[in-house]
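Everything below concerns the one structure shown next.
What follows is calculated from the coordinates using simple rules that are stated; it is not laboratory data. Worth saying up front: this structure is predicted, and the values here are computed from it rather than measured. In this analysis, Cβ positions are derived from the backbone assuming ideal geometry, glycine residues included, and neighbour counts consider all displayed protein chains.
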Amino acid sequence: MSILQTVRTVTRPRHDLMESLIGSDRLSNFSVEDYKLLLSTNYLFHSHLEHQSHFFLSLKDENQEEQVKKLDFLNRIKKDSLEIELRAMLPVAIFQELKQQENTIHFSSFENLLGWLYVAEGSMLGGKMIHRILAQNKEIPLVTNFDFFKNYEEKTSYLWKSFKELVEQTCNTEQKKEMFLEGAEKAYLYFEAAFYKAKNILQ
Ligand code: HEM
């Protein structure tokens, strides 16, 4: 089984859990409060992950220059579009509280970082579907332009394809595959924790 098939299989229960936390079966009836929670969770997850990734990648040595180039990290930034929406939708004090949450992400290796990014990049595939349903919702289109979902939309397939190639090329030993899988597991757990943190801040 390829590493991508493996990660998909072993993390499926975690994916199902995220779907039920968010409420994938009631997206068409989502309230504005539900949407704020969805964005705030994504904000905690992506802003922390992007910050740590940026730092980690800046320390990489010349041997990994090609891989870092292929990752095309700057093209994958989601934090800015999330900030645009949240600044417009949340009271300033609440947004500040979100911003002040402690970032506890760290990576043991480049392959471990790729495991985290697998979850971040893969989540944008479901994001396409989420956007399509929310765009038909009666309330949400009245309060936002969907900057976060729209920002990624047309480049989702291209970025996902090149990310998968990079993972196949890079995670080519048992040890590297283990580190990758560990990163993906941790990323799902971080997203779950971000959901409860955001819920607590917003209520
Ligand atoms: C309402 C919530 C969600 C829905 C409806 C949803 C739906 C989907 C769908 C339909 C796909 C497959 C898309 C395709 O193959 O073209 C997918 C893939 C994926 N989603 Fe989600 N998703 C949701 C939330 C999340 C969250 C919160 C995360 C991460 C924290 C996530 C991570 C992933 C990953 C990593 C993949 C790629 C799986 C693979 O092919 O290896 N999803 N999602």
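Some notes on this structure:
- Members of the range 1-19 found to be farther than 30 Å from residue 30 by Cβ and without any contact (Cβ under 8 Å) to a residue 40 or more places away in the chain, listed by number: 1, 5
- The one condition from (1) within 16 Å of the ligand (Cβ to nearest atom); (2) within 20 Å of residue 53 (Cα to Cα); (3) assigned to a helix (DSSP H, G or I); (4) among the hydrophobic types (A, V, I, L, M, F, W, C) that residue 105 does not meet is (3).
- Screening the range 1-44 for residues that are part of a loop (DSSP other than H, G, I, E, B) and hydroxyl-bearing (Ser, Thr, Tyr) and picking the one that is nearest to residue 144 (Cα to Cα) gives 31.
- Considering residues of the range 81-102 that are of a type in the set (Asp, Glu) and in a helix (DSSP H, G or I) only, the residue nearest to residue 190 (Cα to Cα): 97
- If the condition is being of a type outside the set (Val, Ile, Thr) and more than 21 Å from residue 79 (Cβ to Cβ), then the range 113-143 contributes 129, 132, 135, 136, 137, 138, 139, 141, 142.
- Being surrounded by fewer than 19 Cβ atoms within 10 Å (Cβ to Cβ), closer than 14 Å to residue 8 by Cα and within 19 Å of the chain's Cα centre (by Cα) holds for only one residue in 181, 125, 117, 189, and it is 125.
- All conditions in (1) over 21 Å from residue 105 (Cα atoms); (2) polar (S, T, N, Q); (3) more than 10 Å from the ligand (Cβ to nearest atom); (4) surrounded by 11 or more Cβ atoms within 10 Å (Cβ to Cβ) hold for residue 40, with the sole exception of (1).
- Odd one out for residue 60 among (1) away from the ligand (no atom under 15 Å from the Cβ); (2) over 20 Å from residue 119 (Cα atoms); (3) in a helix (DSSP H, G or I); (4) touching a residue at least 12 places away in the same chain (Cβ under 8 Å): (3)
- Among the residues examined, residue 88 does not qualify as out of contact with any Pro (no Cβ under 6 Å at 6 or more places or on another chain), surrounded by fewer than 16 Cβ atoms within 10 Å (Cβ to Cβ) and over 26 Å from residue 28 (Cα atoms).
- Taking the listed residues 36, 70, the one that is of a type in the set (D, E, K, R), under 16 Å from residue 191 (Cα atoms) and either touching a Lys or Arg at 6+ places or on another chain (Cβ under 6 Å) or in contact (Cβ under 8 Å) with a residue 40 or more places away in the chain (or both) is 36, with no other qualifying.
- A search for C-beta distances below 8 Å between a residue of the range 76-89 that is within 13 Å of residue 146 (Cβ to Cβ) and any residue that is in a loop (DSSP other than H, G, I, E, B), counting only pairs 6+ apart in sequence or on different chains, returns 85/144; 85/145; 85/146; 88/144; 89/144.
- Filtered residues of the range 1-37 (kept if farther than 30 Å from residue 109 by Cα, near the ligand (Cβ under 9 Å from one of its atoms) and loosely packed, with under 12 Cβ neighbours inside 10 Å): 20, 25
- From 74, 113, residue being in contact with a helix residue (DSSP H, G or I) (Cβ under 8 Å, 6 or more places away or on another chain) and hydrophobic (A, V, I, L, M, F, W, C): 113
- Leading residue by the ranking (farthest from residue 50 (Cα to Cα)) among those in the range 108-152 that are more than 10 Å from the ligand (Cβ to nearest atom) and among the acidic types (Asp, Glu): 139
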